[in-house]
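Right, one structure below, let's go through it.
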Amino acid sequence: MEAKMDVDNYACKQNSDCVDPENGRGYLCKCLHGFQGNPYLSYGCQDINECETLKPCSGTCHNLPGSYNCSCPKGFEGDGRKKGTGCNPKVKPHFPILVGTLGIGMSLLFSLLCSSWVYLGLRQRKLNRLKQQNFKQNGGVLLREQLSKHEEYGEIAKIFTLEELKKATNNYHESRILGRGGQGTVYKGLLPDGRSVAIKKSLIGNQSQVQPFINEVIVLSQINHRNVVKLLGCCLETQVPLLVYEYVRNGTLFDYLHNATHTSIISWEARLKIAIEAAEALSYLHSAASPPIIHRDVKLTNILLDENYNAKVSDFGASRLIPSNKEQVTTLVQGTLGYLDPEYFHSSQLTEKSDVYSFGVVLIELLTGLKAVSFERPEHERNLSLYFVSVMKEERLLDIVDGRVLNDKNIKQLKEVATLARRCVRLKGKERPTMKEVVSELQGLRAIE
C-alpha cells in the first residue's frame, strides 16, 4: 500500500499490481488475472484472449478485458460453457396436451374427493347409528329418565359421549393406562374442566343386566362417602358401557405393600388408619346406602390411596344391590382367588358377610406383609388366610407378622387386630362380625398405645 502511494517511484504499470516478495523487503509486480506480460513496462500486461487459448465455450465466446463470456444461439438455453450447463434446445410447451392432461387430472381428483366425502359421510352415519343402537341397548333412554327424576336430590351421574372420553384419554393411548384386570382396563382421562378421572373400559357385557346396571349407576352416583371412589358417570355409546370415576392419585394399596418399586414402607400406624377407613367405607355400603350394596371384590388392588394417603374403596364392577326385603342374593360366584368367601363359593348365596371375609384377608395382609395367594411359598402357606388361621392356632403369630412394623410397643395392638382378622375369616358367615362391628373394634384398638 505504501508503494502505491509513492506515485513517482511506483514500479508496477497498467493492469498489474504489487505483491509482497517471499523473502526480503520491498515488493514485486504481477499482471492481473486475465493479463500477461511484463508488469514493469508501460502497457506491458496485455489481455489474454481466453476464447482462443482456452476455447471454454460450447456456444459463442466473447473476449473481455481480463475475462470472457459465453452465450447460446437463438433457440437454445444454458450458460454456454463447456464445463457448465452448455447450450440445449429450448423445449416448446405443448399447451393443448398440457391443458388436456391437467383437465383429466383435475377431473380424477374431483371424483376421488367426491368418493371420499361420500365414503366418510356413509361411514360417519354408520358409526352414529351404531352409537345410537348401543345407547338404546345399554339402557340410555331409561337412564336419562331415571336421572331426570333424581336431579332434585343433588349431584347425579353424567352421561358422557364417546367423543368426550376419546378426547379425554387421547384416544385410549397406552400411556394413559392406569391398570389392567380380569374385567377390563382403566385409563386416566382429563376432562375439559381440568378434572382428572379414571375411565373403566370393560371387556364383556350382558344385555340381560341393563336394568340392574342402570339402577347401580343411579345408586353409586349418589354415594357420597369420603372413603368411597365416586362414580361420576358413564358412556353408553359403546358395546359395553364405560364407567367414569374420580381419579385417585397414589395408586393401590397393593402397590405400596407388595410392589418392590415402592421403597417407602407403610408404618403400622398408617396401615391401621387405612384399614379403619376401608372398613368405614364397607360399613357405609352395607348399612347406610339405600339399597345396601355388597362390594363382592374387596382386595388390596381395590383400595386406592389419595394424595394424603386416605383410603378409598373402588371398583364396583362386581358389586350387587341387596333388595330391602332380602338378606342374601343368589348369584354366579365372582371374586378373586385368595379373597373369595368359601361359604359363598360353595352356596352361591351372597351376603354382606362375604365382604367381611375378604376384608379379613386384607387385614391379614396388612399384618404380615404377605400376598393373599402366592405359589412361590410352600404348599401349606400358599393360601394366606388358611396359613394364618393355622399359625394362630399354634400361637405363633409373631413368626409371620411383618418384621418391618413389629416393635415392643405395638405387640398388644397387633395381636388384637390379628384376633379380629381371624374372626372375619371364619368359615361360617354367621360367626363373622358385621363391618359396623369391625369398624368399632378397630377404632377402639387404635387408641391402644
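If you take the Cα Rg of region 1-57 and divide it by 2.2 N^0.38 Å, with N the number of residues, what do you get?
Cα-based Rg divided by the globular estimate yields 1.33.
If you line up the long axis of helix 411-424 against the longest principal axis of the chain, both from Cα atoms, how many degrees apart are they, to the nearest 10?
Approximately 80 degrees, to the nearest ten.
Ranked highest first by average number of other Cβ atoms within 10 Å, how do 411-418, 299-306 line up?
So the peptides 411-418, 299-306, ranked by packing, come out 299-306, 411-418.
So what are the ³J(HN,Hα) numbers for region 239-252, from phi and the Karplus equation (6.51, -1.76, 1.60; θ = phi - 60°), rounded to whole Hz, Gly and Pro as x?
Computed from phi, the couplings for region 239-252 are 4, 10, x, 9, 10, 10, 10, 5, 8, 10, 5, 8, x, 9 Hz.
Once the other residues with Cβ under 12 Å from the Cβ of Glu381 are scored (Lys, Arg +1; Asp, Glu -1), what is the net sum?
Every neighbour counted, the sum reads 0.
Run the reach check for Lys13 against lysines, Cα to Cα strictly under 21 Å, same-chain hits fewer than 8 apart removed. What comes back?
Lys13 reaches Lys4, Lys30.
Find the relative contact order for the chain and round it to a whole percent, using C-alpha pairs within less than 8 Å whose residues are 6+ positions apart.
In percent, rounded to a whole number, it is 8.
Given region 352-449 reduced to its alpha-carbon atoms as identical point scatterers, what log10 I(q)/I(0) does the Debye formula return at q = 0.16, 0.24 Å⁻¹?
Reported log10 I(q)/I(0), two decimals: -0.66, -1.36.
Among Ser348, Ser221, Ser264, rank each residue by its count of other Cβ atoms within 10 Å, from fewest to most, as a rough exposure measure.
Taking fewest neighbouring Cβ atoms as first place, the list is Ser264, Ser348, Ser221.
Could you run the Karplus curve 6.51 cos²θ - 1.76 cosθ + 1.60 with θ = phi - 60° over region 166-176 and give me ³J(HN,Hα) per residue in whole Hz, x for Gly and Pro?
Running phi through 6.51 cos²θ - 1.76 cosθ + 1.60 with θ = phi - 60° gives 4, 5, 5, 9, 6, 6, 6, 5, 4, 5, 8 Hz.
In region 350-405, which chymotrypsin sites (Phe, Trp or Tyr not before Pro) fall in coil by DSSP and have 12 or fewer other Cβ atoms within 10 Å?
Answer by residue number: Phe375.
Between Asp17, Asp297, Asp255, find the one with the highest GNM mean-square fluctuation for the chain; connect C-alpha pairs within less than 10 Å.
Greatest mean-square fluctuation among the candidates belongs to Asp17.
Helix 435-446 versus the longest principal axis of the chain: what is the Cα-based angle in degrees, 0 to 90, to the nearest 10?
Rounded to the nearest ten degrees, it is 80.
Specify the inter-centroid distance of region 272-289 and region 17-66, based on alpha-carbon positions, in whole Å.
A separation of 103 Å, based on Cα centres.
Helix-only mean residue ellipticity at 222 nm, the chain, DSSP H runs n ≥ 4 weighted -39,500 (n - 2.57), per residue, nearest 500. What is it?
Taken over the chain, the calculation gives -11500 deg cm²/dmol.
Provide, in order from the shortest bin, the percent of all Cα-Cα pairs of the chain in each 10 Å bin, continuing until the bin that contains the maximum pair distance.
Per 10 Å bin, starting at zero, the Cα-Cα P(r) for the chain comes out as 4, 15, 19, 14, 8, 4, 4, 5, 7, 9, 8, 4, 1 percent.
Ranking Met435, Met392, Met5 by Cβ neighbours within 10 Å, fewest first, what do you get?
Neighbour counts put them in this order, fewest first: Met5, Met392, Met435.
For region 251-449, list log₁₀ I(q)/I(0) at each q in 0.11, 0.15, 0.16, 0.18 Å⁻¹, using the Debye formula over Cα point scatterers of equal strength and ignoring solvent, two decimals each.
Log10 I(q)/I(0), no solvent term: -0.47, -0.89, -1.03, -1.32.
Sort Val298, Val118, Val244, Val405 so that the residue with the fewest other Cβ atoms within 10 Å of its own Cβ comes first and the one with the most comes last.
Placing the least packed residue first, the sequence is Val118, Val405, Val244, Val298.
Any read-out appearing in this document is the output of simple, stated calculations on the displayed coordinates, not a laboratory observation. If you're wondering where the values come from, they're calculated on a predicted model, not measured in any experiment. Ideal geometry is used to build each Cβ from the backbone, glycine not excepted, and the neighbour counts take in all protein chains shown.
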